[in-house]
Every structure is written in structure tokens, then in C-alpha cells.
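Right, one structure below, let's go through it.
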Amino acid sequence: MGSPSDGYGYGRQTHSRGHAPGSGGPASGGGRADRRRAASRKDDRSLIRRIFTWKKIVGTFFGLILLGMAAAVGLYWYVDVPDPNIDATQQSNVYKDVNGKTIANIGKTKREIVGLDKIPQKVQRAVVAAENKTFYKDPGVDIKGTTRGVLNTLMGKGKQGGSTITQQYVKNFYLTQDQTVSRKVQELVIALKVDRQTSKEEILAGYLNTSYFGRGVYGIQAAAQAYYGKDADKLTLSEGAYLAALLQAPNQYDFAIASDTGKKLAKQRWAYALDNMVEMGWLTQSERAEQEFVEPKKPTQAAGMQGQNGYFIEAAKNELARHLMEKEDLTAGQALAKIDQGGWTIQLNIDPKKQKALEKAVKQELTDKLDPKQRKVDAAVQAGAVSVDPKTGKIVAMYGGEDAIKHRNMAIQYDYQASSTFKPVILAAALEHGATAKNGSPEGQPITPNTIYDGDSETKVDFGGQTYAPPNEGKKDYGDVTVQRGMDKSINSVFAGLGADVGMDKVKETAEALGMREFEPHPAMTLGSMGASPLDMAGVFATFDAHGKKVTPSIIKKAEHKDGNYVPEPIGDQVISRETADTITSVLQGVTNDGTGATVLRGPYAGKYKAAGKTGTSDNNVSALFAGYTPELVTVVGVYGEAPEGGGGLKRPDGKPAESGNHVSLRGAGGEDTIHGSGFPSRIWAAYTLGALNGGSDARFELETDMGVGVAPPPTTAPPETQDPTTEPPKTQEPTTEPPSTDPTTEPPSADPTTDPPSSIDPTYEPPITLDPDPDDPGGDNGNGKPRD
């Protein structure tokens, strides 16, 4: 065997001895391969050295720098400082009354621009310390922070901080809040230019006037008012530090809505601003130690929303939004956002004289009689009313509640029931559809106001296999009575029978044609258990008054904007025949002459005007209504039981403690045992109508019908055998005596509802029965509020 050196080339000396050159042995072939590989590696290294010389690397590096600088310079010169964006220059909306007098100047962007001289220096410094400590030294940008923001945007990590005050000002004033790479690059370039062209003081002033502080306010002046109820120049250092803290998370740090964690973070940010001021030499340690956190006030509405103004503005915005939704195919949110962009001049139909008369009537006939200190329930009483000119459809007066900054607008809320004000709609459906009597008599004949129905309480009525037997007020039995008498006395059993004969689908169809909201048709709806606002019912009764032409009440006379105007057309098409509408008016004169609404034509109101109308009282006495009209004016007044803030120590109808906004019974309010439509609502209606008509009117209803008590009756014929000969015929003369008392003489039976009135209308909700009182026989409660088989 050969030695280890043989054939393996371990030693060059051994290799040379063992084989002659060129012999072709193993040593010779292996050596050449090694040499070729070594040569190849040497050539590769040589090529790399030739390509990547130090000179070339350095040259390329500086070339890229120069290229980047050139691109940056080009970008700098290419990007111009744009005009201010819409949000930064947003206008308010101006609201005027029918005479053109400005009543409010309101806008979504609540902002009052103030100069830096109106902002205490210590507050300015608190903002700088919290937001951008290097503000007075930096060139307007934070390259590191902006680069991080761009990278995070590219990676989809959302909004990132790191911007300087100058960059935030540029974003607020010139650009948008979009988190895109192009916007971030624009922000950087424009910030550099703005910093060179504008003083730091101007930039800081602009930032403080454009920044969002929560509560719908922009700028530190509006923020000072919103959070501390003072002007910016009156802010203390502690207050200013809190406003500075808000800039990071306005909603999260607002003590009115913040969670415990949010409040803790807000205080930490407040402390951070003050500690930075110490670090920067703007505050001594002793001054810092003296600072105590000042908790902000609860939110309040902006000036111009107080009293009834806020209710007008809310109703006008809703109406204008509906117009924009239809015209421009916008969602509700988009329409309201467009309005809030500002620039609208909106003239209302509100007549100052009639409005004053309505507010006076509510005060004299209701609020002056309330004493929450003596009666807890009095704190829960709210009124809502809408008054409409039936010839034009204009809302000439509206009462939304005690104050728009204290309570919601009861004139437009529909979580309370229509109750018995719905009964005329059922009769209108019967007349309009030519319904024939099945539960009434003469059987098989078209229904008229003279059709006879069983007026006994809890009369069983068949609704297509479903039995319904509503109790009358006080469970009183009336025997066989006409529809006219059933309307006068608001007899529930009569309208259950009538509704079954018409068919609830047809009743629903007529109701919606008259302007009511959609509801699920079922037997309890014959008693008006669907939700409806005074505004809703004002449209229905105005359509009756307008001889069947659809009236959609409008609070707006005209709305003007640079992008287009809106002039409402409240009077629409004929939705029910004139004969039907006029018959309803004729029948409803019986209610005011000799029925539950007689209050409005008696005493000081006797002979002052002609009136038609209908009372309504909801189950558990949580609301009461009067919807009435003269030839010149349609007005719906509602009185509602709604628990005040904290519940007021009251109980819901189900006996549970009430919370803010819950429906509660009106029993005992104003010292009256039970509140009916014939009480406070009727008295408010009459006092207002007399004042609005300047003491009265000779106008008469022009009716094209031969039915109802408002017209001369046709020749009498023998009554059907089923008619009770003792039933009183309807009276057509105007009564001259005082209305009977509506105060019950006995303790009302207890109610035991199982549910609280819904806060919103749910078509699947089975509402309680609603009843209406007979002032000639005032009862107590409405029973248990449930239909019986």
C-alpha cells in the first residue's frame, strides 16, 4: 500500500517524489482542479473589486443623497400651500322667524376665533408642553415621527402620532384627517413651507383655533365655554392644562362621558403637561405643587338653543334633512351632515304672536298650577303642542317642553300613544272604503255616523277569529248607540266593532294616507295604541280640515343655500274624498258641542269660534291629548308623564322605580286626581286658540256632507228595532253651560301592567288598551289595560 501522501496530495514534496510530471496519476489531476478553482475565485474577487470599488460605493451613496435632495427640492417647489379646507372655514346656520328676525345662529362647527392675546400665556405653554415640547425650536416637522407614521400607514396600523403642532395645524387648516401616505407627505412639505412663511405665534394661534376639543366644539374659546363656562382669557393654568390634555383624546377624556379609566388617563395627561412645563422652565416646582385638577362642568347647549328656539331648530333640521334625503338620495346621516356644514339661511313659519299665545296658554293653564315641591309627580309633567294653518300647512306655533336645553321636544316625540284621537281615522276608513256593518246595524248597510253599535263595556268583537273585548272608561255600559254618540263619548266598544267591520288593514291604509307612521294592524289599534306625536296628529286633523287634501305640516317657510334652495309645499293631493273629510269634521263638532271635548266651547269660550276635535287619554294615565280645529287653525296639545332626571322618586306603571325619561302616570298632577284629554290639554287648546284668533272668529266650516251633527240632519225615519229608544239623540246646539267636572269621585282601580311603555315603537309590541274618559261619568283607571276573551 502507498503512504498517506500517495495519491492524495497532502504534501507537495511527497507528491513530487512519487510521480513524474505528466504521468496522469491521481496527484496530477487533483492539482489542476484545485488550481482552476483557486483561479476562478481570484477572478471573482477581482471582478467584485473592479465593480464595487470604494470610490464607486461612495459616489453612488452621494449620488443617491443628491438624487433624494433633488427630489425633495422638486417636491418642495411642486407642492403649494393650498387654500383653507371647508371645515376650517365652516359657517353657522342662521334661523329666522316668519318676519325675518334672526332667532338663532347655529352650526355644527361651534367656533369663535380669538387672537393669541386672548389666550393666557400659561395656557399656551401648557398646550405646547403637552403636544410639542420642541415647537419653538423645530423647523415645523418631525421627520422621525412622520416617517414612522407613513410606515405604519403602509402596514395598515392606522392612525399614528408624532406630528408637530405645525403639522397638526396644517392638517386641520389645509388638509383632511385622512390617514394616507400622500396626505402625510403633503403635510410634511406644507408644514416646512408654513414654518418658513409664518411666525410661531401665528401657527400656535391657528392651531388653538382649529383643533377639536370634544363636545362638538372647535377652538379654545369654544372649549373654554363648553367645559368651564368662561372665555379663554379667564382660564386658569389648571383648566388650560386639562384642555391641553383633551387634544389627545377629546371624547375619551371628557369627564361627562369618560369611563373611570378615561378619567384616570385624562388626569395623567394633565399632570404630564404641567410636569413638562417644569422641565422646560415655564413653571417652578412650588407652582406645580399648587395646581389642583379642576373637573369640567357638565355639557350645556350653545347660545340660541334655550327655551323654545331649540325645539324649532330641531324640527327644522329634521324637515330639511328629509327633503335632502329625497332630493339627493342621501342617508339621514349624510343629510344632517350636509346641513351641519353650514351656510343655510332658514326662515321659519313660526308666527311670534301665535307662539307667544301658545306659551302663555301652557303657562297659565298648566305650569302655573304645578308645584313639584308639594307633589313629586308635578316634576314629571311635560307639554307638547303643534299649531298649523290648514290652508297653507304652515306650523305657526310649537311648544316642545319646558326648555330645549333641559328636555327633549315633546311636540315631535312619538313614543306616547295616539289614544282616542285615532278614533276619527277609523270612521274615515269606514266612509272612504264604503264599509258595511256586520257588528253594527242596520246589518249589511254602509256605515254612517248613524250606524248603531253595542256600547256596553267589554262587548266581545270578532276580528277574524280573534276575540277582542275592550272595557269602556269606568267600565260603563251605554247600550246601543250611534257611531256619532260613540265618538262624542269616546266609547271603546263602539270603535272596536267599527274597526272589525272596516278591517284593520284598511284602517292602516287610511291612517298612512293621512300621514301617520306605519304600525302593525291588530285589534288594540282601534283604541289608538300606536305611537304618534302631536306633529303627526296635527297633520291628520289638518287634512280633515283641508277637506281631504293631504297636509304635511311644515315649520320651514324657505331655506336658502348657495347649492340650492328649499321651499316646502305642505298641501298635497286629495288623499280622502271631501265628503269623507267633511263628514269627520261634522261628527267631531259633536265632541266639542256635547262630548268629551265640550270644555273648549264652554265658559269663556262659548260662542267665540266654531270647533271640532277629539280627546284622548292613554292607558295608565301617562298622557292626555286634545286634537282640535277651527276653520282657520288646527292645534294638537299633549300632556305627558315623563320621569325627571334621577327618576324623581316616582314609579313606572309596572311599579318599578322610575329612571330618567321613563313614562309615569300623571295622576295627581296639578292637584287633579286624574288627567284626561278633557282637562289640561283642552284648557290649553282653548286658551291658545282664543288668543291666536285675537279673541275669536266668525269663520264657519264649509262642509259638503249631509252626515254628522255639524250639518242639518236628514228627514227622520223610524229607528231600527235594535236601537235603544232611550238613547239620547245627538245635540246640535252649542251648549252654554259650564263643562262637567272631570275629577273622579272615587278612587281609581289599581293597574297592574306588566310592561313599561316602549321608548320606541316596536311593531311586534302588543300595547296596552287606551281609553278616554266621559266627563259626565268620570271613572278612574282604565282597568288592567288588557283585552279580554
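The values are calculated or read from the model by the stated rules, or taken from the named source; none is laboratory data. Source: prediction; values computed, not measured. A quick note on method: Cβ atoms are made from the backbone with ideal geometry, for glycine too, and the neighbour counts reach across all protein chains shown.
List of remarks:
- Some residue of region 599-612 being surrounded by fewer than 24 Cβ atoms within 10 Å (Cβ to Cβ), over 18 Å from Ala429 (Cα atoms), under 27 Å from the mean Cα position of the chain (by Cα) and of a type in the set (A, V, I, L, M, F, W, C): no
- Within region 220-236, considering residues that are surrounded by fewer than 23 Cβ atoms within 10 Å (Cβ to Cβ) and at pLDDT 90 or above, the one nearest to Asn251 (Cα to Cα): Tyr228
- Within region 357-376, being in contact with a strand residue (DSSP E or B) (Cβ under 7 Å, 6 or more places away or on another chain), under 19 Å from Asn621 (Cα atoms) and buried (at least 22 other Cβ atoms within 10 Å of the Cβ) holds for one residue alone: Leu366.
- Residue satisfying all of: in region 233-261; closer than 13 Å to Ile119 by Cα and assigned to a helix (DSSP H, G or I); nearest to the chain's Cα centre (by Cα) among these: Leu243
- Condition met for Ala397 (touching a Lys or Arg at 6+ places or on another chain (Cβ under 7 Å), assigned to a strand (DSSP E or B) and under 25 Å from Gly628 (Cα atoms)): yes
- A single member of Lys230, Lys264 is free of Cβ contacts under 8 Å to residues at least 12 places away in the same chain, among the basic types (Lys, Arg) and outside any loop (DSSP other than H, G, I, E, B), and it is Lys264.
- Condition met for Tyr311 (closer than 30 Å to Thr236 by Cβ and touching a residue at least 12 places away in the same chain (Cβ under 8 Å)): no
- Selection within region 335-356 - polar (S, T, N, Q), in contact with a strand residue (DSSP E or B) (Cβ under 7 Å, 6 or more places away or on another chain) and either at pLDDT 95 or above or more than 30 Å from Leu693 (Cα to Cα) (or both): Gln347, Asn349, Gln355
- Total residues in region 111-139, condition buried (at least 17 other Cβ atoms within 10 Å of the Cβ), of a type in the set (Gly, Ala, Ser) and over 24 Å from Phe293 (Cβ atoms): 0
- Test: residue in region 271-291 that is under 30 Å from Glu645 (Cβ atoms) and modelled with pLDDT of 95 or more: no
- Residues satisfying the stated conditions in region 301-341, i.e. on the phi < 0 side of the Ramachandran plot, outside any helix (DSSP H, G or I) and surrounded by 14 or more Cβ atoms within 10 Å (Cβ to Cβ): Gln301, Ala302, Met305, Gln306, Gln308, Leu330, Gln341
- For Gly616, the stated conditions do not hold, so it cannot be described as in contact (Cβ under 8 Å) with a residue 24 or more places away in the chain and out of contact with any strand residue (DSSP E or B) (no Cβ under 9 Å at 6 or more places or on another chain).
- Hits in region 558-577 (condition: buried (at least 16 other Cβ atoms within 10 Å of the Cβ) and over 18 Å from Ala316 (Cα atoms)): Val575, Ile576, Ser577
- Residues of region 452-470 classified as without any contact (Cβ under 8 Å) to a residue 40 or more places away in the chain and either under 20 Å from Val425 (Cα atoms) or of a type in the set (Asp, Glu) (or both), total: 3
- From the options Ile350, Ile346, Ile339, residue that is touching an Asp or Glu at 6+ places or on another chain (Cβ under 7 Å) and in contact (Cβ under 8 Å) with a residue 40 or more places away in the chain: Ile350
- Within region 523-557, the set of residues being in a strand (DSSP E or B) and over 20 Å from Phe312 (Cβ atoms) comprises Gly531, Lys549, Lys550.
- Meets criteria (farther than 24 Å from Gly434 by Cβ and among the acidic types (Asp, Glu)) for Asp563: yes
- Subset tally (residues that are part of a loop (DSSP other than H, G, I, E, B), surrounded by 24 or more Cβ atoms within 10 Å (Cβ to Cβ) and touching an Asp or Glu at 6+ places or on another chain (Cβ under 8 Å)) for region 663-687: 4
- On inspection, Lys610 qualifies as part of a loop (DSSP other than H, G, I, E, B) and under 26 Å from Asp351 (Cα atoms).
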